Amino acid sequence: MFFKGVSFGFMARNGYYSSEAGQQEINKIIASGADSVALMATILQDTFASTRMYRDFELTPSDIELQDAIRQFHKAGIRVMLKPILEHHDSTHRCKVNFPVGQEQIAGVRTDYWGEWFRNYTFALLHYARIAEAENVEMFCVGCEMTGVEKQESYWPPLLAEIRKVYHGLLTYNTPAWWDYALEQNWMRSWYPLLDMLGISHYYGADADCTSAEKLAEYMQGLVKNLSAAAEKLGKPIFMAEVGCRSVEGAQVVPSDCWHNHGEYDGEIQAAYMQSMFLAFSPQPWWSGFFWWKWDEQQNRPQFHKKGGDTGFTIAGKPAEKVFRDWKPPR
């Protein structure tokens, strides 16, 4: 299965998908040329060190609106990857989840923080996996960029087994962007082969003078080589669960940067970055597509508001939108 998709609804609040604004964006995605969408629902925990997750009445889309959105996309022939995504009320990134292990300062007293965290995370995922099954969702993403959690390798096989009891579509995980995928000790996990395909975050940076799609694609050849070896070892397809680049001057140097690059609008560099992905990865048989990060911006980011245009990750109304629309998947 190959995906030409967009990520939709990151940090979307309760009621957004069914709102007039949300409905307008759904219709725009349907008309965009996308054949797939990563549809998100925020799960909350209080801090990076909390073990309990919950749905927030303000920040979590309702099940009803989520299911309605899935049905709208399916009616239009667009496949869905349902992507519950963990956030923290203390505003730390989900990659920071961490707990002490093996502590027994008081004899006979030992707290299994990781066990409790995975127990509750499994319950949270099962809720959305049942929705995915009921709505015939094509793929279910069991996590995103949780670096500390990924390393707890013994807990993942039981979690995945529980998900497969209720959901029978494709399972994936979105691992973070590692700049050197050859260093397998940094990112390769023993439980990845239990997935149907592996998603990565692709924000590979380039030199400042790499401003054309061709130069950027050439710069990415080392990454292509390393990921090819990883795909062969895994025996699984790899796709970009996230890939993005802002429409701002110099964005290709650190494509994931939301905070530090306050440059002026440059829609052409964003378009070139997208095109470079097509040039670099389309020939690879293991490459199963991408979900562009992102379709919509749900947060107020004043640094994106420039006279020349929006300098964020979105592509609507920018040169990258035409690149996206015109590109035909290789398979």
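The residue of the stretch 192-204 that is modelled with the lowest pLDDT, among those that are buried (at least 17 other Cβ atoms within 10 Å of the Cβ) and part of a loop (DSSP other than H, G, I, E, B), is TYR204.
Name the one entry in GLY267, GLY263, GLY317 that is farther than 26 Å from LYS83 by Cα, modelled with pLDDT under 95 and out of contact with any Cys (no Cβ under 9 Å at 6 or more places or on another chain). Exactly one of GLY267, GLY263, GLY317 is farther than 26 Å from LYS83 by Cα, modelled with pLDDT under 95 and out of contact with any Cys (no Cβ under 9 Å at 6 or more places or on another chain), namely GLY263.
Test of understanding: among THR47, THR60, which residue is modelled with pLDDT of 95 or more and not basic (Lys, Arg)?
The match here is THR60.
Looking across the stretch 226-252 at every residue that is among the small types (Gly, Ala, Ser) and in contact with a Phe, Trp or Tyr (Cβ under 9 Å, 6 or more places away or on another chain), the one that is farthest from ALA280 (Cα to Cα) is identified as SER247. Is one or more of the residues making up the stretch 213-235 in contact with a Leu (Cβ under 8 Å, 6 or more places away or on another chain) and part of a loop (DSSP other than H, G, I, E, B)? No, there is no match, as no residue in the stretch 213-235 is in contact with a Leu (Cβ under 8 Å, 6 or more places away or on another chain) and part of a loop (DSSP other than H, G, I, E, B). Restricting attention to the stretch 5-35, and to residues there that are small (Gly, Ala, Ser) and surrounded by fewer than 23 Cβ atoms within 10 Å (Cβ to Cβ), which single residue is farthest from ASN98 (Cα to Cα)? The residue in question is ALA31.
Restricting the stretch 270-314 to residues that are at pLDDT below 95 and among the small types (Gly, Ala, Ser), the residue that is surrounded by the fewest Cβ atoms within 10 Å (Cβ to Cβ) is GLY308.
Restricting the stretch 125-152 to residues that are closer than 22 Å to PHE48 by Cα and over 18 Å from the mean Cα position of the chain (by Cα) leaves a set whose member that is modelled with the lowest pLDDT is LYS151. Among the residues here, ARG130 does not qualify as without any contact (Cβ under 8 Å) to a residue 24 or more places away in the chain and outside any loop (DSSP other than H, G, I, E, B).
The values are calculated or read from the model by the stated rules, or taken from the named source; none is laboratory data. Note that the coordinates shown come from a computational prediction; the quantities given were computed from them, not determined experimentally. So basically every Cβ, Gly included, is an ideal-geometry build from the backbone, and we count neighbours across all protein chains shown.
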